[in-house]
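Nothing in this text is a laboratory measurement; each read-out follows from the coordinates by a stated rule. It should be emphasised that the depicted structure is a prediction, and the values quoted were computed from it without experimental measurement. Reconstructed Cβ throughout: ideal geometry from the backbone, glycine too, with neighbour counts over all protein chains shown.
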Amino acid sequence: MEGATTTSKRSRPRIFQACTRCRAGKIRCDARTPTCTPCGDRDHDCIYPEARRMRGPGKSKQRFEALEGRLAAMEFRLQQPEAGTPHTSPETAPRSDKSTPPPPAATGMLPSFHRISNRFARWQQEAPTKPLKRLVLSPLTPEISELWLVEESLEDCCAELPFFQIPWFLDRLKRPDAITSPDAWWQGLLHATIANGVLFKIHTSSFREVAPYAWAFLKKAYAVLPELIIHGDNLAAAQAVMSMALFMRQSGDTRTTSRLLSIAVRMYQSATIRLEAGEKNALSSTEQENRSRFFWATFILDVETSLSTGLPPTCPEYAALSAPAPPSASDQHSIIFNLGASLSQIQHRITTHLLTNRQSDLHPLTAELETWRLRIPPHLRPDLHHPPPTTCESHPLATLHLSYFSTLCKLSWTVIQHLTSLSQPSDSQKSLARSSARSILSLSISLPLNTPFTHLYTILSHPLSACIVLLAVICKEPAHPEAPSDTSLLSQFIQFLSCLISEGCDLHKLRDGISRFEQVAKDAVEAALGSNMPVNPALWPLSLASGQTGKAIATLLTCEAYQPMYLAQSFLGNMPNRDTENAKRFAEILGLQWADNNGYGAFVPESLMPATYGFVFGNG
């Protein structure tokens, strides 16, 4: 009895896989092969399932200890950068048979971060923290000839926007270290000024050959831009960036121009806000005038960019009220600069009204424009009803007049759209918009043919927007008495562009586009003068090409598009605006080719694309 009890309590080996018959009869199987004992006693066929469950070798105690040691070593290495202990890699750490206890403080990091920490620790040992090196984008170094070129062209380059005092710059240029000075602001300002001088002195016929020389100096200036952004906290750094923006303004890259201008404005604001009232009084007269010139130059250019593209101004309106007064007007260029500063304040308010859709407040602004015009001396005053002289020799004066006429046209066009939506008569505003557009084209035609190509390109958006306005009013009212003379004015502007092309200007795309404008306008006027054609172009048959195109253009320009200037900027630059898609539709209606692969408008010449001169990133 006692032996039986001992036998029953004896542990029997576990059978992990019984045969099929023993499992069905719930018989204890000893799992012998090929026949288990119960099946052999009963003379049955012993069949085992195909997948037999086998027990693994198990985990040894030494394996557990090795894993614990490796885990403790990794946690210790993670704590090493914080504790400042020497680095030890897990491969070289000695392994012990005994388990190494983990450090008392657990990191709680995920295993994937262990590799990141290991890589960072190795990089920190191999490459310690070093300051950024100045980029080298161009090996070209200025020499005496380039400094002489700057002295000869500086006054002409700064005639429109004198953002610094010329005597101050020339004194700095005559120093022995004018070329070798390591100051980032001076390197940026000097090389950008040389690039601007080269562009101004290039003869139009040799523009393609000499333009890469100017872009090489701009690359030299652009190399210090990251350094100026990080460390530039004074007016000199802002002047350097502004000089780069003025160079880019003479290209088709309106997007980079706008961003450089914004950087320059922010640099000036940060440099000015640091000055306390006592420090401002302690500034020398030269520094005060430099600050005044720079502010108003950036303010004028910022408002111009806003009016052309629809972007909000970077400079707030109150900044003009608290800014230093413009420099004293001692010559004609200074007088024109001061007039431009006062005009830009009115334009700033107009931009604010347009962005906030407050069209009902535009009539007082039109009165402000007229008051500003009447304050101008008679020999400098723009006039809608009197054509300009045979040749307008002063480029700053022509730019001022074009800016005034474009602003007046913009106001009139906005009022026309607003009144049309309210079903109110807008004949006077249409007449004002037409007169402004005609004045813009008449003034553009009077520009001298020897004007530098890049300087001329900066103002071409004004006549192009005027052509769009005239085309819109002609297609809307082709039977208007002034429609034939408007078409004739388009023809005169095309002849002017042809003369510029014969001088070497790369304006073939623009001339072909305006020629298409003229053809559509002529077809509309001729159709309206026909005896069997309805006066209203909306009733013309769609089978007539001029009727179909004219109706589509009139609907697009007068009802769907925002501003003719936005359309013009879309054609002449690469800055997206509210009318970019409308400009592409406009080009499609006219049958003009629009290349979408480079982001530029249909009229941008290849010679004014920065990528032509390698000013582009390879992966861009």
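When peptides 303-315, 397-409 are ranked by their average number of other Cβ atoms within 10 Å per residue, the highest-first order is 397-409, 303-315. What does the net charge come to around S306 if you take all other residues with beta carbon closer than 15 Å to its beta carbon, with K and R at +1 and D and E at -1? So the surrounding residues net to +2. By the Kirkwood approach, averaging reciprocal distances over each pair of separate Cα atoms, region 392-610 gets a hydrodynamic radius of 17.6 Å. Pairs exceeding 29 Å between alpha-carbon atoms, taken from K522/K584; K220/K584; K509/K551: K220/K584.
Rank by packing, highest mean first: peptides 336-348, 549-561, with packing defined as the count of other Cβ atoms within 10 Å averaged across residues. List each step's numbers first, then the result.
Numbers: 336-348: 21.2, 549-561: 19.1.
Final packing ranking: 336-348, 549-561.
For K219, the aspartates and glutamates whose Cα falls under 20 Å of its own Cα, not counting residues fewer than eight places away in the same chain, are E143, E146, D183, E209, E227, D253, E606. Here region 392-610 is treated with +1 on each Lys and Arg Cβ and -1 on each Asp and Glu Cβ, and its dipole about the Cα centre works out to around 320 debye.
About its Cα centre, how strong a charge dipole does region 144-284 have in debye, to the nearest 20, once Lys and Arg get +1 and Asp and Glu get -1 at the Cβ? Please list the in-between numbers first.
Values: 13 positive and 15 negative charges, 80 e Å.
The calculated dipole for region 144-284 is roughly 380 debye.
Shape annotation for region 426-536: C-alpha extents along the principal axes are 47, 27, 17 Å, from largest to smallest.
Between A367 and D512, the distance separating the two model label sites (each 7 Å from Cα on the Cα→Cβ line) works out to 5.0 nm.
Extension gain for D427-T35 works out to 129.9 nm (0.36 nm per residue, less the C-alpha to C-alpha distance).
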